[in-house]
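Working notes for the structure below.
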Amino acid sequence: MRRPLIIAPSILAADFGRLASEVLRAETAGADWIHVDVMDGHFVPNLTVGPDVVRGLRPAVKLPLDVHLMVERPDKFAPAFIEAGADRVSIHIESPCNVGATLEAIRTAGKPAGIVLNPGTPVKAILPYLDRVKLVLVMTVNPGFGGQPIISSALDKVSELVELREARKLDFDIQVDGGVSEKTVARCAAAGANVMVAGVALFRAPDMAQAISAMRRAYNAS
């Protein structure tokens, strides 16, 4: 049975000079979550936001803040983002930390935990953790910068995760991030993803509400 579509605009493509207004614009346009890409300049070659940005956004929007930690030590940063107002936190399997303990700490704090796979990482790497997460994020580009084209082969991992979820009777959403737009949503949906992170395709669209509606139509038609 297909899961409901969740559209999560990524603030990586927003106008940081008026970020609170940007997330409110996404909420008004019909978004479901706000995706917050956190990069430390070490784990990925870019530097973005810290907990204070999440703290500032929390009163500006009612939507859940979906925090994606692209950092070397998510075990050190996750508590600060939760305290700042994150509604869910996802960490990379590739991060050099105790992944199981970090996921458990997120869950103990009362937040849904997610786990993330880079394009070059196989699904088998996260098998021990699938029963502890509510979200699996499959990166469909190499993390670090927005505006990259989708890596189609990454969608094979989405299909593999759907089969594993059904076989093991697990409960997690499958999120894709990178190159997601009206033109690629159908392919992502056909593979089995239901949470779509889109940055450039939404925040830089002439009309974000129309862009979100177009993504919904593409998902429903797939």
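In this calculation the C-beta distance from ALA80 to ALA125 is compared with R0 = 25 Å, giving a FRET efficiency of 0.45.
Full extension of the chain between ARG2 and ALA209 gives 72.2 nm of extra length, using 0.36 nm per residue less the Cα-Cα distance. Cα centroids of segment 2-23 and segment 169-222: 12 Å apart. Restriction of the trypsin sites (Lys or Arg not before Pro) in segment 1-60 to DSSP coil positions whose beta-carbon has at most 12 other beta-carbons within 10 angstrom yields ARG2. Could you work out how far the C-alpha centroid of segment 25-58 sits from that of segment 121-155, in angstrom? Each part reduced to its Cα centre gives a spacing of 18 Å. Can you compute the label reach from ARG217? Point 7 Å from Cα along the Cβ direction, backbone N cut-off under 15 Å, restricted to segment 167-196. From segment 167-196, the list is 182-186.
Bear in mind that the values in this text are calculations on the coordinates, not laboratory data. Just so we're clear, the structure is a prediction, and the values are computed from it rather than from any experiment. Cβ: placed from backbone, ideal geometry, glycine included. Neighbour counts: every protein chain shown.
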